[in-house]
Structures are given as C-alpha cells and as structure tokens.
C-alpha cells in the first residue's frame, strides 16, 4: 500500500525534500512550511482527514453568528 507525505500545517501533498535531502527536512510548496515533521498516510486516510476537516468547518460555520468578528 502506497504511503503519501502530507504537510502538517496546510494538509497539502505538495512536499519535497529541502536542500536536496541533506537537512532531513521537507518543504511544502503550498504554504512554505519547512521541517522534519510530516504526516505519512495512505490515500484513504488522507481522504478521511480532508472530509473530517470539511465537516468540522461546516459545524463551526453553523455555530458562529453571522456578522461577528473574531479578533
């Protein structure tokens, strides 16, 4: 089963080794994250992660009253 690497900040799969792999860190082309900590998962696990975040976002949108600013 193929495993993919996912950015822990923005959940993008667009990662590459930073500095040609010499540093042991990854670079996210989407958000600019640089670090050695990345998520490793299967495509199925990734779909569940993204779907779970979408559900949470919908819940948050329903809870927050419209027109209220968050500072």
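The values are calculated or read from the model by the stated rules, or taken from the named source; none is laboratory data. Note that the structure is predicted; figures quoted are calculated from it, not measured. In this analysis, Cβ positions are derived from the backbone assuming ideal geometry, glycine residues included, and neighbour counts consider all displayed protein chains.
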Consider the stretch 36-61. How many of its residues are over 12 Å from the mean Cα position of the chain (by Cα) and either touching a residue at least 40 places away in the same chain (Cβ under 8 Å) or on the phi > 0 side of the Ramachandran plot (or both)? 2
Residue hits (the stretch 17-71; surrounded by 10 or more Cβ atoms within 10 Å (Cβ to Cβ), in contact with a strand residue (DSSP E or B) (Cβ under 9 Å, 6 or more places away or on another chain), part of a loop (DSSP other than H, G, I, E, B) and modelled with pLDDT of 90 or more) are 25, 29, 30, 33, 37, 38, 42
